[in-house]
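J.: First the structure, then my questions, so here it is.
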Amino acid sequence: MWDHLSLKEIVEIAKDPYPSIRKWAKDTGKKVVGSTIADVPEEVIHAFGFLPVSLIGTDKPLKKAPSRLPDNACSLARSNLELVLSYEGDLFDGFVLPQVCDTTQHLSDIWRISFPDKYVESFLVPRQADRPSARYWVKEEVERLIASLTGWSGKGLKDEDLKESIRIHNENKGLLKEIYEIKRQYPASLSNKELFSLFKLSMQVDKVEFNKSLKEIKDNLKTVKSNGYTDVILVGITCDPPEVYDLFDEIKLNIVGDTLVTGTRYLQGIVPDTANPIDALTERHFHRGFYSPIHDDVFKNFEEVKALYKQTNAKAIIYVHIEFCESQEYDLPDLKKMIRKEGMPMHVLDTEYQTLSLSHLRTRLQAFFESLKGGSL
Ligand code: SF4
């Protein structure tokens, strides 16, 4: 189903992965478990024999979500709720929902009420990750999730199954890392949209199959030097709708680094190879980069962006702001101030899952890069 796919097919499936997930579920008879982002240990869900699927919104019209969430709830939460209420809810046998911000706290209650007949479990990560108790907390949550899935599935989790699942997921991230590295050096080897479609689909489909596609794609990428690209980094949580990447491709931006949950932060989830898989899953939680709703050092966001900008030799930062994301809105004013003081050019792109026309984004983006270069791109 997801092996031997071309880049073109991957872009198409990533735009709407649900028909293929439906077919997979029908063919295999296996259960599908959805999670909103971020940080649910998908390896655990997979080790039970279920398909973990990250829910990353929909561009289909909002019909039911506005009656359950206020207009000023973030676009991602509204879009994800709509996805399950109106379009794909029946596909999922259950959900594991993290509570990372106030919006997701309310959202998981709404979810539970909306799906009384489905398995709905929460995954609660500490929002202050630098506290000494945070490690203990994360480990307790991983163990609680395992106990809950054991109760639901009626079968226990074997250590070797969890280790094998970790190996498959690590392999997936390793392959994505290699492809990203090739794209950094050879921007014409694959487009930004193609690269981030690989990430997105990795978070949504069976990795045993998809890793085969990734291997073939990696081996066949053309490594030819090309000119005329402007190296940039992307900062944010997600970058949607996917057509935003078309804008970057149109004006020949080469994304050489990012902090997205649907990008590098996913890669930072490689699980260390230690004897106890639960300890390893706990430990990796603290190796991930900055994520707006989860805070420790107040300067971490700025320091990470600055380090990435310098390390990649990027020419500009594109901050992707999800409409009404309260966590980003809390961070952004300070981040802007510090970045301006440091003399790093930054453009804030406001995104909304239900946006169909991107012409206003295109105009502002073009104007920013023209002013940066002192002329037309
Ligand atoms: S972190 Fe932001 S985008 Fe994510 S659910 Fe919370 S408010 Fe929405």
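J.: Could you list, in sequence order, the residues of the stretch 103-127 that are within 11 Å of the ligand (Cβ to nearest atom) and either in a helix (DSSP H, G or I) or buried (at least 20 other Cβ atoms within 10 Å of the Cβ) (or both)? Outline the logic, then answer.
T.: Going through the stretch 103-127, the residues within 11 Å of the ligand (Cβ to nearest atom) turn out to be 103-108, 127.
Hits for the stretch 103-127 are T103, T104, Q105, H106, L107, S108.
J.: Look at the stretch 297-332 and say how many of its residues are surrounded by 15 or more Cβ atoms within 10 Å (Cβ to Cβ) and either away from the ligand (no atom under 16 Å from the Cβ) or modelled with pLDDT under 90 (or both).
T.: 13
J.: Just to verify a result, which residue in the stretch 49-58, among those that are away from the ligand (no atom under 16 Å from the Cβ) and surrounded by 21 or more Cβ atoms within 10 Å (Cβ to Cβ), is nearest to the chain's Cα centre (by Cα)? So that I can check it myself, show each step before the final result.
T.: Filtering the stretch 49-58 down to residues away from the ligand (no atom under 16 Å from the Cβ) leaves 49-53.
Then keep just the ones that are surrounded by 21 or more Cβ atoms within 10 Å (Cβ to Cβ); that gives 50-53.
Values: F50: 19, L51: 16, P52: 13, V53: 11 Å.
Going through the qualifying residues, I end up with V53.
J.: Would you check which residues across the stretch 333-353 are surrounded by fewer than 17 Cβ atoms within 10 Å (Cβ to Cβ) and within 16 Å of the ligand (Cβ to nearest atom) and list them? It would help to see each step written out before you state the result.
T.: Restricting attention to the stretch 333-353, the residues satisfying the condition of being surrounded by fewer than 17 Cβ atoms within 10 Å (Cβ to Cβ) are 333-334, 336-338, 340-343, 350.
Hits for the stretch 333-353 are P333, D350.
J.: Moving on to the next point. Which ones in the stretch 273-285 are in a loop (DSSP other than H, G, I, E, B) and modelled with pLDDT of 90 or more? Outline the logic, then answer.
T.: So in the stretch 273-285, the residues in a loop (DSSP other than H, G, I, E, B) come out as 273-276.
Residue satisfying the conditions is N276 alone.
J.: Out of R135, R127, I need the residue that is over 26 Å from E329 (Cβ atoms) and modelled with pLDDT under 95. Which one?
T.: Working: R127 fails: over 26 Å from E329 (Cβ atoms).
One residue alone meets the criteria, R135.
J.: A further question on this structure: Residues D27, D93, D39: which one is at pLDDT below 95, closer than 30 Å to E160 by Cβ and not hydrophobic (A, V, I, L, M, F, W, C)?
T.: Numbers: D27 fails: at pLDDT below 95; D93 fails: at pLDDT below 95.
Unique residue meeting the criteria: D39.
J.: Could I ask something else about it? Just give me the residues in the stretch 196-249 being within 16 Å of the ligand (Cβ to nearest atom), hydrophobic (A, V, I, L, M, F, W, C) and under 21 Å from F368 (Cβ atoms), in sequence order.
T.: Listed by number, the residues that qualify are L234, V235, I237, C239, V244.
J.: Would you please name the residue that is farthest from the ligand (Cβ to nearest atom), looking only at residues in the stretch 84-102 that are charged (D, E, K, R) and in a helix (DSSP H, G or I)? It would help to see each step written out before you state the result.
T.: If we filter the stretch 84-102 for residues that are charged (D, E, K, R), which is where we start, we get 88, 90, 93, 102.
Then keep just the ones that are in a helix (DSSP H, G or I); that gives 88, 90, 102.
Values: E88: 18, D90: 23, D102: 7 Å.
Among those that are charged (D, E, K, R) and in a helix (DSSP H, G or I), it is D90.
J.: Counting only residues that are part of a loop (DSSP other than H, G, I, E, B) and of a type in the set (A, V, I, L, M, F, W, C), which one in the stretch 333-377 is modelled with the highest pLDDT? Walk me through it before giving the result.
T.: At the first step, the residues of the stretch 333-377 found to be part of a loop (DSSP other than H, G, I, E, B) are 343-345, 352-358, 374-377.
Keeping just the survivors that are of a type in the set (A, V, I, L, M, F, W, C) gives 344, 356, 358, 377.
Working: M344: 96, L356: 77, L358: 91, L377: 44.
Going through the qualifying residues, I end up with M344.
J.: Tell me which residues, restricted to the stretch 59-81, are surrounded by fewer than 23 Cβ atoms within 10 Å (Cβ to Cβ) and not small (G, A, S).
T.: D59, K60, P61, L62, K63, K64, P66, R68, L69, P70, D71, N72
J.: From the list L76, L81, exactly one residue is free of Cβ contacts under 8 Å to residues at least 40 places away in the same chain, part of a helix (DSSP H, G or I) and within 16 Å of the ligand (Cβ to nearest atom). Which is it? It would help to see each step written out before you state the result.
T.: Details: L76 fails: free of Cβ contacts under 8 Å to residues at least 40 places away in the same chain.
Answer to the check: L81.
J.: Looking for whichever is in contact (Cβ under 8 Å) with a residue 12 or more places away in the chain and either exposed (fewer than 15 other Cβ atoms within 10 Å of the Cβ) or over 23 Å from the mean Cα position of the chain (by Cα) (or both) here; the options are A188, A147. Which one fits? Steps first, please.
T.: Numbers: A147 fails: in contact (Cβ under 8 Å) with a residue 12 or more places away in the chain.
After applying the criteria, what remains is A188.
J.: Here is a follow-up. Out of all the residues in the stretch 250-259, is one or more within 16 Å of the ligand (Cβ to nearest atom), small (G, A, S) and surrounded by 22 or more Cβ atoms within 10 Å (Cβ to Cβ)?
T.: Scanning the stretch 250-259 turns up no residue that is within 16 Å of the ligand (Cβ to nearest atom), small (G, A, S) and surrounded by 22 or more Cβ atoms within 10 Å (Cβ to Cβ).
J.: Cβ-Cβ below 6 Å, separation at least six or inter-chain, first residue in the stretch 96-115 and over 23 Å from L51 (Cα atoms), second within 9 Å of the ligand (Cβ to nearest atom) and not polar (S, T, N, Q): which pairs?
T.: Matching pairs, first to second residue: C101/P293; T103/A73; T103/C74; T103/A77.
The values are calculated or read from the model by the stated rules, or taken from the named source; none is laboratory data. The structure presented is a predicted model; accordingly, all values stated were derived computationally and were not measured. Glycine gets a Cβ as well: all are built from the backbone with ideal geometry, and neighbour counts include every protein chain shown.
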